[in-house]
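Single-structure report; data block below.
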Amino acid sequence: MTNPFPNAEVVGQAILSIVGGMEVVQSRALRILAENGITPLKADTWYPLTNLLNAFRLIFEKIGPSTVRAIGRKIPENAHFPPDVDNLEKGLRSIDVAYHMNHRGSDPIGGYHYEQSDRRSAKMVCDNPYPCDLDLGLVEAICDRYRPKDSLWVRIEHDPRSCRRRGDASCTYLITW
């Protein structure tokens, strides 16, 4: 995975999602982070984004995409998020705000771009350097947390026309509820 933002940094509080997402193998998570220069892991310390992306590559290769997705689901529990979120649209829009709260040093650094399609559907375009499995887990967590009360479910599909894993500039998630 290449990092188009070599000067970017990420705050340790957000990296704690890796440890949370790898609950069963936390010592392995800490070892992978340490192997990539993220040690000791402190919530208020800034670390090079390149190091974190290398850690994600190892997690993906050695443990698998399901673990990367599980880490994404833990991000809202660990990273800094705006406090005034109380519905699905605000939740999905807050991902980009939170992303920029937890990263610094390169501008622009990509992001999470929410677009309402109609009353019960939207799309999220992710043009950041993270693996698409991480973004899917993050979007799932926000949709679970803020699912509208009049919806039985929120469905998230990765649009097959664009995928960073294939080398495209972004991934798009189609969201319906």
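The values are calculated or read from the model by the stated rules, or taken from the named source; none is laboratory data. Predicted model only: the values in this text are computed from it and were never measured. Please note: Cβ atoms are built from the backbone with ideal geometry, for glycine as well, and neighbour counts cover all protein chains shown. Ligands, DNA and RNA are excluded from the accessible area calculation, which covers all protein heavy atoms including side chains. Shrake-Rupley method; radii C 1.70, N 1.55, O 1.52, S 1.80 Å.
Structure notes:
- Helix 132-145 and the longest principal axis of the Cα set of the chain meet at an angle near 50°.
- Each Cα pair under 8 Å and six or more residues apart adds its sequence gap; the mean of these over the residue count of the range 30-177 is a relative contact order of 22 percent.
- Whole-number accessible area per residue in Å² for the range 79-152, which is evaluated in the context of all protein chains at 1.4 Å: 48 Å²
- Accessible area (Å², 1.4 Å probe, nearest 10) - Leu41: 40 Å²
- Filtered GluC sites (Glu not before Pro), the range 60-111: DSSP coil and at most 10 other beta carbons within 10 Å: none
- In sequence order, the range 109-122 has phi-based couplings of 10, x, x, 10, 10, 7, 9, 6, 8, 7, 4, 10, 7, 7 Hz under the Karplus curve 6.51 cos²θ - 1.76 cosθ + 1.60, θ = phi - 60°, and Gly or Pro positions carry x.
- Per residue, the convex hull spanned by the Cα atoms of the range 2-47 amounts to 80 cubic angstrom.
- In plain terms, if you count all Cα to Cα distances in the range 1-152 and split them into 5 Å steps from zero, the share in each step is 2, 9, 19, 24, 21, 13, 7, 4, 1, 0 percent.
- Translational D in µm²/s for the range 54-114 (Stokes-Einstein at 4 °C, 1.567 mPa s, Kirkwood Rh from C-alpha pairs): 99 µm²/s
- Relative to the dominant Cα principal axis of the chain, helix 65-78 is inclined by about 80°.
- The tail of the calculated P(r) for the range 64-177, taken as Cα-Cα distances beyond 23 Å, holds 23 percent of the pairs.
- In degrees, nearest ten, helix 12-21 long axis to first principal axis of the chain (Cα): 80 degrees
- Cross-link reach list, lysines versus Lys90, counting only Cα pairs under 27 Å and skipping chain neighbours closer than eight places: Lys74, Lys123, Lys149
- Packing rank of 16-23, 156-163, 167-174, where each peptide gets the mean count of other beta carbons within 10 Å, highest leading: 16-23, 167-174, 156-163
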